[in-house]
Each structure stands twice: as structure tokens, then as C-alpha cells.
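Have a look at the structure below, then the notes.
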Amino acid sequence: MHIDVPAVTAADLILPPPAEGSREVAARVAMARDIQAERYAALAMPNVRTNAQAASAVLEQIAKPDAAGLTLLRDAADAMQLSARGYHRVLRVARTLADLDGAEHVGRVHLAEALSYRAASDEIRRAA
């Protein structure tokens, strides 16, 4: 995954600091990784510790979106012509975003963010 990060401007430096610093982000990431490890241990999958390692069939169970998210995902899959691999990559990222939020279920907001990363990545590939 690639995310375009624009250069910091002088105007940006005047803004108040972000509400969440590196230490807080690191704590959220550690919590999300713990959630994932516990999830797969509970599913009797000791060799799987992260969403990235989960098989597609398992991913479809643990990243099942809510109704609004499912509608968004179906529409986006058609519009973006996602392959099965691309579809599962979006689910994988959305599940991870939900874990970072401490959310039990994958919601529309998680899928929208995952799809936005996919769209940005596709745009970069087309430009290259």
C-alpha cells in the first residue's frame, strides 16, 4: 500500500499539533495486533497472527461488513472492477482499520477508507 504524503507547508507548521502523537499511534497499533492475535488463536489458528496472514475464506467471516458497508463494497467492486484478490485486499485493510478503531465489526467507514487507499494506489499505477 502506498499513501501520498504532501510536503509540509509553513502554514501547516502554525497549526496546533495533532491530537494523536507517535506514542499514541504506536499504542493503537500494538492493541490492534493483540486483537488480531487473540482472534486467530480463538479460531484455533496459532500460525496466523495478523489479518495479512489470514486465508481469504477466514477473512470473509471475520471481516463481514455491516449492511451499509456491504452495499458500498459491492458498488465499489463493480465500479473499480476489483478482482477477487483486490476485493480481499480491501476487506483485509478494512478489518485492520476496524481493529485500529477497536471496533468489533467492519463498518462502512472502514471500507470507505480502505477503498480510498485502493483508489489512490490505482491512480499512482496509472500515472507511472
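Please verify whether residue 58 is surrounded by fewer than 18 Cβ atoms within 10 Å (Cβ to Cβ), of a type in the set (A, V, I, L, M) and either in contact (Cβ under 8 Å) with a residue 40 or more places away in the chain or over 15 Å from residue 113 (Cβ atoms) (or both), treating the condition exactly as stated.
The answer is yes for residue 58.
Starting from region 17-38, take each residue that is of a type in the set (Ser, Thr, Tyr) and list its partners that are modelled with pLDDT under 95 and not in a loop (DSSP other than H, G, I, E, B), counting only C-beta distances under 8 angstrom and pairs at least six apart or across chains.
Partner pairs satisfying both residue conditions: none exist.
Looking at (1) closer than 22 Å to residue 118 by Cα; (2) acidic (Asp, Glu); (3) at pLDDT below 90, which is the one condition that is false for residue 20?
(1)
Residue-wise test of (1) modelled with pLDDT under 80; (2) touching a strand residue (DSSP E or B) at 6+ places or on another chain (Cβ under 8 Å); (3) polar (S, T, N, Q); (4) closer than 30 Å to residue 85 by Cβ.
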residue: 6; (1), (2), (3), (4): yes, no, no, yes
residue: 24; (1), (2), (3), (4): no, no, no, no
residue: 33; (1), (2), (3), (4): no, no, no, yes
residue: 46; (1), (2), (3), (4): no, no, no, yes
residue: 50; (1), (2), (3), (4): no, no, yes, yes
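Scan region 70-114 for residues that are of a type in the set (A, V, I, L, M, F, W, C), in contact with a strand residue (DSSP E or B) (Cβ under 9 Å, 6 or more places away or on another chain) and exposed (fewer than 15 other Cβ atoms within 10 Å of the Cβ) and jot them down.
none
Which ones in region 3-39 are farther than 17 Å from residue 100 by Cβ and either acidic (Asp, Glu) or surrounded by 10 or more Cβ atoms within 10 Å (Cβ to Cβ) (or both)?
Start the filter on region 3-39 by keeping residues that are farther than 17 Å from residue 100 by Cβ, which leaves 4-17.
Listed by number, the residues that qualify are 4, 12.
The values are calculated or read from the model by the stated rules, or taken from the named source; none is laboratory data. Nothing here was measured: the structure is a model prediction, and the numbers come from that model. Cβ coordinates were reconstructed from backbone atoms using ideal geometry, including for glycine residues, and neighbour counts include every protein chain displayed.
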